[in-house]
Amino acid sequence: MMLKFRSILYKWNSKSKSAFVGSSQSLHNNHGFSFSRVPTSPSFCTASDIQYDVVIVGAGPAGLSAAIRLKQMCSERNTNLSVCVLEKGAQVGDHIISGNVFEPRALNELLPQWKKQEPPITTPVTSDKFWFLTKARAISLPSPFNNQGNYVISLSQLVRWLGAKAEELGVEIYPGFAASELLYDANNKVIGVGTNDMGISKDGSKRENFQRGVEIKGRITLLAEGCRGSLSEKIMKKYNLRERGGAEHQTYALGIKEVWEIDEEKHQPGAVIHTLGWPLDHKTYGGSFLYHMKDKQISIGLVVALNYQNPFMNPYEEFQKLKHHPAIKPFLEGGTVIQYGARTLNEGGFQSIPYPVFPGGAIIGCSAGFLNVPKIKGTHTAMKSGMLAAEVAFGAINEGLDMNMYWDALRNSWIWEELRKSRNYRPAFEYGLIPGLAVSGLEHYIFKGRHPFTLKHGKPDHEATNAAQLHSPIQYPKADGVLSFDVPTSLHRSNTNHEHDQPPHLRLRDPKIPELVNLPVYAAPESRYCPARVYEYVADEQNQMKLQINAQNCLHCKACDIKDPKQNIEWTVPEGGGGPGYTVM
């Protein structure tokens with residue numbers, strides 16, 4: 001089976017000119033493990049479909065935890081299941097970005113001896129501060145976070161380590177292959193996924209390196225695509241999973257992050273700072289973080305809820321302003337930016353969890369949405385959801401259990417307890433910053449998650465955007481090239497790369513809406529909410545403004561798929577291997 005798939009990979013690799021392709025290679029890093037890139041074989045095969053017991057889409061924390069748990073159970077029960085993980089990034093970890101203050105609860109359960117296995121988890125939290133920022137001051141508040149026993153990490157590095165652990169157990173991981181469609185049998189049951197065709201030109205013609213997509217079939221399919229996963233969204237709509245689970249719509253935020261190397265005398269390994277307030281207005285939920293990592297590195301970022309109202313707001317530029325705050329600036333002065341990236345995150349919490357099971361599989365991790373908003377953590381819950389789904393999938397294949405037991409397992413787990421207790425924090429801020437702080441303070445210190453009422457979310461994020469006539473344009477300072485930077489400079493630091501000659505993966509459902517609605521009514525918000533300048537309006541030969549989509553800039557953050565006022569932009573997967581190349585995010 002492995003030989004068959006690798007033969008197909010070899011057939012494509014031998015033709016491809018993409019940057020991530022070549023002969024069999026390994027990624028080596030300073031943690032002492034190697035991880036294969038696109039595995040190849042000198043064999044040749046014309047087959048276009050492969051069968052596994054379990055197919056997992058996405059090599060993130062949830063997908064890899066599921067894969068590891070499946071193989072562990074095989075060892076425990078003296079049996080074997082074939083497990084395949086598909087990853088759209090050129091390497092495992094390339095598309096992974098997070099804060100990240102890591103809570104090891106799920107890892108303790110998955111790999112109890114992890115501390116002895118040289119993981120990239122070496123910087124325990126040493127201090128925990130919470131600031132309210134005004135334009136000129138940082139006011140210390142009691143920290144609501146309990147980060148004792150947690151670690152400041154790079155999630156992209158942790159995922160690479162988990163990938164290596166999965167491979168050691170016999171999991172087959174194939175980076176550089178994007179699952180673009182779900183496969184169904186005659187009874188409308190999911191039986192696997194199909195990868196997109198490679199080597200298609202913008203005009204739809206086949207390039208010399210054309211390779212037909214592969215059908216990867218599984219008895220169980222687990223979707224672990226991360227926030228706003230394209231296949232996960234389709235499956236939720238097809239089977240009405242939000243309605244079935246009694247869930248509200250999901251609500252999102254956009255996180256923008258840089259990793260800096262700073263002066264050694266300023267570096268405080270394990271120091272954690274969170275902020276609320278400036279530079280955001282009091283109607284916009286969000287905040288910033290500054291975490292001291294190892295090796296004189298810090299991660300700094302701004303998270304902006306995507307239900308903001310002002311179409312002139314530019315989250316990227318708000319982040320640039322943040323770095324000039326008198327309490328933040330001293331950390332960065334004299335430092336150097338190493339990497340830049342952005343990604344959306346789920347903030348709906350307990351109220352927005354869909355029914356996670358569909359015929360033939362389940363949705364796990366951030367594709368379903370298990371982020372604990374007041375903790376600002378979702379890695380541990382994503383991992384646990386993958387482990388639970390793996391245990392049910394193992395039973396479904398070997399013992400005839402029903403995959404719907406995954407829903408029961410979730411509701412009986414600490415994920416459910418944790419999210420239920422934290423359910424009212426995020427919707428409390430629908431009423432503004434000060435009421436939100438008051439309600440969340442009561443929840444945290446008085447009710448402790450036992451409040452009898454459950455608050456509801458407001459409008460879906462795309463409906464929250466006001467018409468431009470209700471707001472004034474925001475004039476942002478020009479980047480100084482020292483603390484703040486223009487988008488092209490930042491984009492270069494993300495290592496983003498796509499094959500230019502391919503069909504656009506960002507599709508307009510109605511090509512007339514940008515010029516007829518978005519530009520005149522909302523003042524072109526896509527040119528501002530995108531943190532990679534994918535969307536811009538340029539004058540045509542008749543001097544009429546037309547939307548230009550620079551798809552090659554895409555960071556795969558999914559903000560456009562969420563925030564477009566008319567839901568006119570559909571994010572789909574590009575050719576496998578395209579996108580950012582994160583190494584320390």
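Considering the options 462, 334, 199, tell which one lies farthest towards the positive end of the dipole of the chain, charges being +1 on Lys and Arg and -1 on Asp and Glu at the Cβ, about the Cα centre. Working it through, the farthest residue towards the positive pole turns out to be 462.
The dipole here belongs to segment 188-338: it is taken about the Cα centre, uses +1 on the Cβ of Lys and Arg and -1 on the Cβ of Asp and Glu, and is about 900 debye. When only alpha carbons of the chain are considered, Rg and Dmax amount to 22.9, 71 Å. Between the residues 171, 276, 227, the greatest Cα displacement towards the positive end of the dipole of the chain, with unit charges on the Cβ of Lys, Arg, Asp and Glu, is found for 276. Amide H contacts for residue 52 (H built 1.01 Å from N in the peptide plane; partners 5 or more residues away or on another chain; cut-off under 5 Å): 217, 218, 219. The HN-Hα couplings worked out from phi for segment 482-497 by the Karplus form 6.51 cos²θ - 1.76 cosθ + 1.60 (θ = phi - 60°) are 10, 9, 10, 9, 7, 4, x, 5, 5, 4, 4, 6, 8, 6, 6, 8 Hz, whole numbers, x standing for Gly and Pro.
For the chain, the residue among 433, 409, 209 whose Cα projects farthest onto the positive side of the dipole built from Cβ charges is 409.
Whole number in Å², please: accessible area per residue of segment 430-585, 1.4 Å probe, ligands, DNA and RNA not counted.
50 Å²
Our estimate of slack between residue 75 and residue 507, defined as 0.36 nm per intervening residue step minus the Cα-Cα distance, is 151.0 nm. Compute the distance from the alpha-carbon center of segment 439-492 to that of segment 193-239, in whole Å. Centre-to-centre (Cα) distance: 32 Å.
Computed over segment 285-333, relative contact order equals 26 percent, with contacts defined as Cα pairs under 8 Å that lie 6+ residues apart. Between residue 207 and 200, 201, the built amide H atoms are under 5 Å apart, and every one of these is 5 or more places off in sequence or on another chain. Charged side chains reduced to their Cβ positions (Lys and Arg at +1, Asp and Glu at -1) give segment 476-572 a dipole of some 300 debye around its Cα centre.
Place a +1 charge on the Cβ of each Lys and Arg in the chain and a -1 charge on the Cβ of each Asp and Glu, then give the dipole magnitude about the Cα centre in debye, rounded to the nearest 20. Show your work: numbers first, answer last.
Numbers: 63 positive and 57 negative charges, 133 e Å.
In total the dipole reaches around 640 debye.
The share of Cα pairs per 10 Å bin across segment 306-389, counted from zero up to the longest distance, runs 13, 31, 28, 20, 7, 1 percent. Based on DSSP H segments of at least four residues, each scored -39500 (n - 2.57), the chain has a per-residue ellipticity at 222 nm of -7000 deg cm²/dmol.
Computed over segment 343-390, the alpha-carbon pair-distance distribution with 5 angstrom bins reads 5, 23, 32, 25, 12, 4, 1, each value a whole percent.
Sorted largest first, the spans of the alpha carbon positions of segment 193-304 along the three principal axes are 54, 45, 33 Å. With contacts taken as Cα pairs under 8 Å and at least 6 residues apart, the chain reaches a relative contact order of 18 percent. For segment 228-283, the solvent-accessible area with a 1.4 angstrom probe is 40 square angstrom per residue. With all pairs of different C-alpha atoms in the average, the Kirkwood value for the hydrodynamic radius of segment 254-403 is 17.7 Å. Looking at segment 192-252, the pairs of alpha carbons with a distance over 13 Å make up 74% of the total. Put simply, the C-alpha atoms of segment 498-575 give a gyration tensor, and the ellipsoid matching it has half-axes of 20, 15, 11 Å, longest first.
Over the chain, what percent of the accessible surface lies on carbon and sulfur atoms, probe 1.4 Å? Roughly 50 percent, rounded to a whole number. Size descriptors for segment 492-531 (Cα atoms only): Rg and Dmax, in that order, 13.5, 35 Å. Across segment 248-262, computed HN-Hα scalar couplings (Karplus, 6.51 cos²θ - 1.76 cosθ + 1.60, θ = phi - 60°) run 6, 4, 7, 10, 10, 9, 10, x, 10, 9, 10, 10, 10, 9, 10 Hz from first to last residue, x flagging Gly and Pro. When the pairs 257/283; 421/456; 257/421; 135/283; 546/566; 115/377 are compared against a 19 Å limit on Cα-Cα distance, 257/283; 257/421; 115/377 fall above it.
The values are calculated or read from the model by the stated rules, or taken from the named source; none is laboratory data. Keep in mind it's a predicted model, so treat the numbers as computed, not measured. Glycine gets a Cβ as well: all are built from the backbone with ideal geometry, and neighbour counts include every protein chain shown. Note: areas computed on protein heavy atoms with side chains; ligands, DNA, RNA excluded. Shrake-Rupley method; radii C 1.70, N 1.55, O 1.52, S 1.80 Å.
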